[in-house]
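Undergrad: First the structure, then my questions, so here it is.
What follows is calculated from the coordinates using simple rules that are stated; it is not laboratory data. None of these values were measured; they are calculated from a predicted model. Don't worry about glycine lacking a Cβ; one is built from the backbone with ideal geometry, like all the others, and counts go over all protein chains shown.
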């Protein structure tokens, strides 16, 4: 567990609880200090290279920073992850099993249904859903492909900037979770996204960024797979790249990437797939390429101009 995780959980709006063995959104012990592949570098060189722009005074450019220079970026990502872990772990551990609504935590493969057969890794071409609830795609097919599409779109919704505003967050949680799970999560997440936490991210109490800056938080799915499936329940894993950080003048938390796998336990409820519980782990993380980092205004412009997708398996 990183030093910042200790700080957040000790201060935290969720009482400093540790989610325990599965660690919800990822296991810190499974990665190096900087995440990904640790200190090994690539091809035996002991280091990886990142080409930065020459623009002076831009935190995205200038001279290449040493390992210590990324500490605030790591703090931003880890802080968000840790608070979400604690909030979701708190909700999922609630008293006494899944109950009639299935709001208990995952059983890690002990479900009685048959293990799903391997699916093709390429897109299958099924049409995306054409209905939305509060801007979130809903109305999925009652099959494995529908479960994968639901999990992927729910990951996008829960990984966006809307989670940092209380009103929008409540709508997202109520839309993607079962009624029982949403009832447990709502207050826990409100405690996690406290004004003091938002302030540490450079955000206002309502989750908005300072004037002239753009706060970026996006989930970019790479693929999905069904781990377990029966007629009314499914376990789906979504591998994705995350973007998070602040783009704008004077930002000390530039937008960075992370790689994780988000696993959802879904239940067929009221004619749609809904989340019963979910967890995350780090990786798989590719070796970084030799790409030139964009300046902050380029990132801000890209976020404003490039919209997201509705995903379908």
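Undergrad: Counting only the backbone N, which residues of the range 259-281 are under 20 Å from the spot 7 Å out from the Cα of residue 310 toward its beta-carbon?
TA: Backbone N within reach: 269-275.
Undergrad: At 7 Å along Cα-to-Cβ for each site, give me the label-to-label distance between residue 301 and residue 187 in nm.
TA: Once both label points are built, they end up 4.8 nm from each other.
Undergrad: Could you tell me whether the range 161-273 comes out rounded, prolate or oblate from its Cα gyration tensor? Rule is a ≥ b ≥ c as square roots of the eigenvalues, rounded for a/c under 1.5, then prolate if a/b exceeds b/c, otherwise oblate.
TA: Numbers: a/c = 3.12, a/b = 1.60, b/c = 1.95.
Here the range 161-273 falls in the oblate category.
Undergrad: In addition: Output the peptides 300-313, 217-230, 152-165 sorted from most to least packed, where packing is the average of other Cβ atoms within 10 Å over each peptide's residues.
TA: Result, highest mean first: 152-165, 217-230, 300-313.
Undergrad: If I model a spin label at residue 166 and residue 252 as a point 7 Å from the Cα along the Cα→Cβ vector, what separation in nanometres do I get?
TA: 2.8
Undergrad: Would you please give the FRET efficiency between residue 208 and residue 287, computed as 1/(1 + (r/R0)^6) with r the Cβ-Cβ distance and R0 = 41 Å, to the nearest 0.05? Intermediate values should be presented prior to the final figure.
TA: Details: r = 36 Å, r/R0 = 0.87.
Computed FRET efficiency for residue 208 and residue 287 comes out at 0.70.
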